[in-house]
Amino acid sequence: MTQQTQLSTYPVWDRTVRIFHWLNVICVLSLIAIGVAILNSKALGVTNDGKILLKTVHVYFGYVFAINLTWRIIWGFIGNRYSRWKSIIPFNAEHRAQWAAMRHGAKNGKPVGFLGHTPIARLMVGFLFLIMSIQAITGLVLAGTDVYMPPFGNTIKESIAIGATASEFIKPYSKDGVDEIAYKEMRDMRKPFAVTHYYVFYVLLAAIFLHLLGVIVSELRERNGLVSAMFSGKKVFAEKPIDTE
């Protein structure tokens, strides 16, 4: 007769973390879809007006993405133990202790469980936060220099306008009221942000793929409710995780 394994439930992700996660998923998927349409606008036969519309919608999703990310960064200083940066970023004392515990458990044939992020997951999550922050910052700059939207749009228009009153007439994809030399200087300033945003977009796609792969493998191997925890806030374990409070 087989003895049934007794599972215990442990709270881990608070409501703020869960809301951030799913709102971030919606924003990132929307930004990727619109971004791909913008990159392939010529092949799709999109007109200039259509491209402006796509970029405007892209920016609005970008605002939600940036605000959500900013709030999560703040929450990393005031949230519960598992949502704090100490338990997320790699290469600190806690991360090193986790690696040591993993090695010790593997050596003795007793794998250890982690309620929060595992040492490997911390590398991925830390990297995701870094590249998402880069995309948010560069995206806000591009919003101002391309379709003249906040927070930098008005400043950019004033810097490229022929006269003091001409800035209010400046529109995306139009040279009316634009000083050609100032416009070229602005576009030169914009270029590194555009290049960074473009290439980090592909890095983000690869990171998302690896993140999803890691989640699937971990869920199948450990069966701790990794995915459901982002809905319920709780994970299940047969043995007490080493990082419980």
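The values are calculated or read from the model by the stated rules, or taken from the named source; none is laboratory data. Quick caveat: nothing in here was measured; it's all calculated off a predicted structure. Note: ideal-geometry Cβ built from the backbone for every residue, glycine included; neighbour counts use all protein chains shown.
Counting only helices (runs of 4 or more DSSP H) wholly contained in the range 117-232, the ones carrying 1 or more residues that are in contact (Cβ under 8 Å) with a residue 12 or more places away in the chain and not hydrophobic (A, V, I, L, M, F, W, C) occupy 119-146, 153-160, 180-222.
Per-residue answers, yes or no, for (1) buried (at least 18 other Cβ atoms within 10 Å of the Cβ); (2) closer than 30 Å to Glu219 by Cα:
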residue	(1), (2)
Arg103	no, yes
Met132	yes, yes
Thr155	no, no
Ala182	no, no
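The residues in the range 48-62 that are without any contact (Cβ under 8 Å) to a residue 12 or more places away in the chain and either of a type in the set (A, V, I, L, M) or not in a helix (DSSP H, G or I) (or both) can be counted, and the count is 1.
Can you pull out the residues in the range 21-47 that are outside any helix (DSSP H, G or I) and either surrounded by 16 or more Cβ atoms within 10 Å (Cβ to Cβ) or among the small types (Gly, Ala, Ser) (or both)? Walk me through it before giving the result.
Step one: filter the range 21-47 for residues outside any helix (DSSP H, G or I), giving 40, 45-47.
Within the range 21-47, Gly45, Val46 qualify.
Filtering the range 191-245 down to residues that are of a type in the set (S, T, N, Q) and within 28 Å of Ala100 (Cβ to Cβ), which residue is surrounded by the most Cβ atoms within 10 Å (Cβ to Cβ)?
Pass one, the range 191-245, residues of a type in the set (S, T, N, Q): 196, 218, 224, 228, 232, 244.
Okay, now just the ones that are also within 28 Å of Ala100 (Cβ to Cβ), so 218, 224, 244.
Values: Ser218: 16, Asn224: 22, Thr244: 16.
Once the filter is applied, the top-ranked residue is Asn224.
Among the residues of the range 100-118, those that are farther than 15 Å from Phe129 by Cα and at pLDDT 90 or above comprise Ala100, Phe114, Leu115, Gly116, Thr118.
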